[in-house]
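Trainee: Dumping the structure here so I can ask a few things about it.
The values are calculated or read from the model by the stated rules, or taken from the named source; none is laboratory data. Keep in mind the model is a prediction, meaning the values are calculated, not measured. Cβ: placed from backbone, ideal geometry, glycine included. Neighbour counts: every protein chain shown.
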Amino acid sequence: MIEVRGLAKTYGAVQAVSDVSLTAGNAAITTLLGGNGSGKTTTLRAIAGLIRPDAGATTIDGVDARHDRIRALKRLGFFADRFGLYPRLTVREHLELSAAVHGLAGPSLANAVQHTITLLDLGSIADRRTAGMSQGQQVKCALGRAIVHRPANLILDEPTRGLDIFAVRLLRDLLKRLRGEGLCILMSSHIMAEVAELSDAITLIAHGRTAATGTPADICALAGTSTLEDAIVALSTAPQRNAA
Amino acid sequence: MRTFTIAFWKEWVTAIRERRELASAFAYALAGPLLIALLITNTAREAADTSPPTWRFCESSAAPAPLVAALESKGILQAADAELCLDIPATYEADIAAGRTAGIVIVADLNAAEKQARKMKAALEAYGDTLRNERLAVAGLAPEAATPIAAELRNTSPVGVLANRLVGALILFLICAPFFVCQSTAIDATAGERERRGLEPMLTLPMPRLSLILAKFAITFVIGIAGAFATIAISLLIIRKTPIADLGVVMSLDVKTALIATAMLIPLTAAVEAIQMAIGLWSRTFKEGQTYALLFAFTPVALGFGALMGGGGGVKPWPVMFEIEAMKAPLLGAPWPDVTGFAIAAGLSLAIAGLALGSCIWRLRDEKLLAES
C-alpha cells in the first residue's frame, strides 16, 4: 500500500505540489490524473524518495523512503517517465541488474528474468542492446526492469506513452494480472480510455492539490458528467471535493 | 559489498563496450610516446652532428683570399648549394690592413640552418681572435694582456640541458596520463548517465548511494591505472629504440621500472579520477563535464612546466609536484624521496579523492540532479 499525506514541494519560486494526499491500496490500480505540470511526477518521485518534500509524508507499506530508503525501495518497482535505459546493456542485462540489486541470485534470478521476458513478449529482443530500440521496445524493457523482482508495489509514470495498440493491450493484461496477484499499482496517465478501463481508483491533481478521489464512476457522478474526460476537465477547475 | 559488485559489473560492461571512448583513452598511451621518441631522436641526431658547415659568397660580396684559406684550413669549405652565405664588404681587406674592425654578415634561414650558422660564427670569431693576437703582437703587447679573465664553463651534469628538459617533459607526460586517459569514461559514467536519465532508475533501486559511487569510481580508477601503465610501458618500450644514450641519459627502461612508476601514480590517479567524477556529477551535460575536465587536466601541465622551467628546489610533498620529482628515482636512478614525503603526498591525494567522492555522494542526494539538463 502506498500512502501520501499533505505532500508539498516547491522548486525555487515554483510550487510543484501544495497539498496532495492519496491512498493506493493493494490488489488495486490507482491512477494519478492531472494536466501537464500538475505535480504527478513530483508526487511519484517523492514516494520513491528521489525528492525531499517540504511538508507531508509518503509511505510504502508503512515505510517512509526518507527515513529508510533501502527498505522502502525493496518493496517498490519504479517505472520512470524517461526510462533511463543504458544503451550499451541488453534487455536481459537490464532485467538481471534490477533483479540482482533486489536480492535475487542464481536460478531464482534466471527464472525471474526469463519469466519477465516471456510475460512482456521480449524474447526477440532480449539479447539486443537497447541503443536504437523503438519507443515501444524501450517501454517494455523499462517495465520489465520495474517488475522483474515481483515487487509488492509498482509505480508507473505514464507507461502507455509511445506504445502501439498491441503493446497497450499487453500492458493492460499485465497490469490486470499483477493486480490479481495482489500488487498495489499506482500510475499516472493521460489516456482516458486506459484510465477508465483499468483504474479501481483515481486521484485527480489540479494546481498542485488533490482535486478529487474515487472510482471512475464516482468521479463522473461527482462532476455530473457522463464521460471521465468531461469529469476530469470539470473537476480540474473546481474546488477540492472527495467522491469516495 | 554485494550491491557494489552488481553496480561494478554494470559500470564495467558499459565502459568496455564503449570502444570509441576506450580507443580515445588509449590513444594517449600510443600517440604520446611516439612524439617523445621523435623529439629524442631528433635531438640526439642534432647533438651528434659535428660536421663543419658549408658556405658560399653572397652576391656582390667581396672574396678575400686569406679568409677563405683560414676557413678551408678548418675544413669549412665552399659549396654552391650551401644554405648560408657570407656577405663581406668591399672594404674588408683595407679595414683589416688598417687595423680597423671589418664586418661580416652571415646570411641564413635560421629555422633551417641555425646550427650551421652558429658554427660559422664561431669559426669567424676564432679567426678574428687570431688576427687580434697578431695585431697585439705587432704592437708589442702579449695577447694575454687583452684577456684579463678566461672564464670556462664545465658541465657537471651527466645529462645535457636539452636532454634534461626532454626527460622532464617525458616525466610530465607520464604524470598527465591519469588526467587524460580516463577523462571520457569518468564523465560518461556521471554527466553522460545523468544526460541519458540513467541515474533516476539506479536511485530507485535498493542500493546505497555509496555503492553506486564506489562502483563508478572503481571502474574509472581501474581504467586510469591501466592507461597509466600502458602509457609508461609503451613510452619505455619506444624510448628503448631511440638513441637516448647519445644524449648522455641513462634510463631504466624495463617492465619492473614501468610497474614501479605506475605504482607511484596510484594515489594521484585516485584523486584525479574522483575529481573527474565530481566534475561530471556537478555538470549538467556530458559536454559541460568534458569541458571542465579538460580545464582540470591542464593543472599538471601548468605545475609541471613551472617545475620544469623553475629548475630543482627539492622534492615537494604536494600531489603532481611530488610525482614529478619522485619519478626520477625509478626512471633515472636519482635518489629516492624519503618516506615522509611519500606519505604526505599519498595522504593528500587520498584525502582529495575522499573529499571528491564525498561530494559525489552529496550530489546524488540532490534532487536537482534529476532535473532536466
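Trainee: Cβ contacts < 8 Å: first residue farther than 11 Å from A:G162 by Cβ, restricted to the stretch A:117-139; second residue small (G, A, S) and part of a loop (DSSP other than H, G, I, E, B), any location; separation 6+ or different chain. Result?
Mentor: Close Cβ pairs satisfying both conditions: A:I117/A:A126.
Trainee: Looking at this structure, is B:A163 within 25 Å of A:A142 (Cβ to Cβ), assigned to a helix (DSSP H, G or I) and away from chain A (no Cβ under 14 Å)?
Mentor: Numbers: within 25 Å of A:A142 (Cβ to Cβ): no; assigned to a helix (DSSP H, G or I): yes; away from chain A (no Cβ under 14 Å): yes.
No.
Trainee: Could I ask something else about it? Within the stretch A:99-108, restricting attention to residues that are surrounded by 17 or more Cβ atoms within 10 Å (Cβ to Cβ) and at the interface with another protein chain (Cβ under 9 Å from one of its Cβ atoms), which residue is farthest from the chain's Cα centre (by Cα)?
Mentor: We begin by selecting, within the stretch A:99-108, every residue surrounded by 17 or more Cβ atoms within 10 Å (Cβ to Cβ); these are A:99-102, A:104.
Filter once more, keeping what is at the interface with another protein chain (Cβ under 9 Å from one of its Cβ atoms): A:100-102.
On the way: A:A100: 22, A:V101: 20, A:H102: 18 Å.
Step by step, filter the stretch A:99-108, then rank; the result is A:A100.
Trainee: Follow-up question, since we're still on this one. Within the stretch A:24-48, take every residue that is within 14 Å of chain B (Cβ to nearest Cβ) and hydrophobic (A, V, I, L, M, F, W, C) and give me the one that is nearest to A:M192 (Cα to Cα).
Mentor: A:L44
Trainee: Can you find a residue that is part of a helix (DSSP H, G or I), within 14 Å of chain A (Cβ to nearest Cβ) and not hydrophobic (A, V, I, L, M, F, W, C) anywhere in the stretch B:225-245?
Mentor: no
Trainee: Could you tell me whether B:K216 is closer than 19 Å to A:G84 by Cα and in contact with an Asp or Glu (Cβ under 7 Å, 6 or more places away or on another chain)?
Mentor: yes
Trainee: Of the conditions (1) of a type in the set (V, I, T); (2) free of Cβ contacts under 8 Å to residues at least 12 places away in the same chain; (3) surrounded by fewer than 19 Cβ atoms within 10 Å (Cβ to Cβ), B:I260 satisfies every one except a single condition; which number is it?
Mentor: (2)
Trainee: Can you tell me which condition B:I219 does not meet? The list is (1) away from every other protein chain (no Cβ under 14 Å); (2) part of a helix (DSSP H, G or I), and all the others hold.
Mentor: Against the list (1) away from every other protein chain (no Cβ under 14 Å); (2) part of a helix (DSSP H, G or I), B:I219 comes up short only on (1).
Trainee: Are any residues in the stretch B:33-48 modelled with pLDDT under 80 and in contact with a helix residue (DSSP H, G or I) (Cβ under 7 Å, 6 or more places away or on another chain), and if so, which ones?
Mentor: B:T43, B:A44, B:E46, B:A47, B:A48
Residues are listed down the side, and each one gets a yes or a no for (1) touching a Cys at 6+ places or on another chain (Cβ under 8 Å); (2) farther than 24 Å from A:G49 by Cβ:
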{"site": "A:L156", "(1), (2)": "no, no"}
{"site": "A:L186", "(1), (2)": "no, no"}
{"site": "A:M192", "(1), (2)": "no, yes"}
{"site": "A:A231", "(1), (2)": "yes, yes"}
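Trainee: Suppose the filter is in contact with a Ser or Thr (Cβ under 6 Å, 6 or more places away or on another chain), away from chain B (no Cβ under 14 Å) and either part of a loop (DSSP other than H, G, I, E, B) or surrounded by fewer than 22 Cβ atoms within 10 Å (Cβ to Cβ) (or both); does A:S21 pass it?
Mentor: So A:S21 fits the description; yes.
The rows are residues; the columns are (1) within 23 Å of A:L183 (Cβ to Cβ); (2) in a loop (DSSP other than H, G, I, E, B); (3) within 12 Å of chain B (Cβ to nearest Cβ); (4) modelled with pLDDT of 90 or more.
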| site | (1), (2), (3), (4) |
| --- | --- |
| A:L50 | yes, yes, yes, no |
| A:A57 | yes, no, no, yes |
| A:A72 | yes, no, yes, yes |
| A:D81 | yes, yes, yes, no |
| A:E93 | no, no, yes, yes |
| A:L97 | yes, no, yes, yes |
| A:A110 | yes, no, no, yes |
| A:Q114 | yes, no, no, yes |
| A:A131 | no, yes, yes, yes |
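Trainee: Just give me the residues in the stretch A:135-156 being surrounded by fewer than 24 Cβ atoms within 10 Å (Cβ to Cβ) and assigned to a strand (DSSP E or B), in sequence order.
Mentor: A:N153
Trainee: List the residue pairs whose Cβ atoms are under 6 Å apart, where the first residue sits in the stretch A:145-160 and is at negative phi, the second is among the basic types (K, R), and the two are 6 or more positions apart or on different chains.
Mentor: A:A152/A:R75; A:N153/A:R75
Trainee: Inside the stretch B:203-213, can you point out the residues that are buried (at least 21 other Cβ atoms within 10 Å of the Cβ) and either more than 7 Å from every other protein chain (Cβ to nearest Cβ) or of a type in the set (F, W, Y) (or both)?
Mentor: If the condition is that a residue be buried (at least 21 other Cβ atoms within 10 Å of the Cβ) and either more than 7 Å from every other protein chain (Cβ to nearest Cβ) or of a type in the set (F, W, Y) (or both), then B:L212, B:I213 are the ones that fit.
Trainee: Separate question: Can you say whether A:T213 is assigned to a strand (DSSP E or B), out of contact with any Asp or Glu (no Cβ under 9 Å at 6 or more places or on another chain) and β-branched (V, I, T), as far as the supplied structure shows?
Mentor: Yes.
Trainee: Right, something else. Might you check whether a residue that is under 25 Å from A:I60 (Cα atoms) and either of a type in the set (D, E) or at pLDDT 85 or above (or both) occurs anywhere in the stretch A:215-234?
Mentor: Yes, the conditions are met somewhere in the stretch A:215-234.
Trainee: Further, regarding this structure: Which one is nearest to the chain's Cα centre (by Cα) among residues in the stretch A:54-68 that are crowded, with 21+ Cβ neighbours inside 10 Å and in contact (Cβ under 8 Å) with a residue 40 or more places away in the chain?
Mentor: A:I60
Trainee: If a residue counts only when it is away from chain A (no Cβ under 14 Å), out of contact with any strand residue (DSSP E or B) (no Cβ under 7 Å at 6 or more places or on another chain) and farther than 30 Å from B:F221 by Cα, which helices (runs of 4 or more DSSP H) contained entirely in the stretch B:1-120 have at least 2 such residues?
Mentor: It comes to B:19-48, B:65-73, B:92-97.
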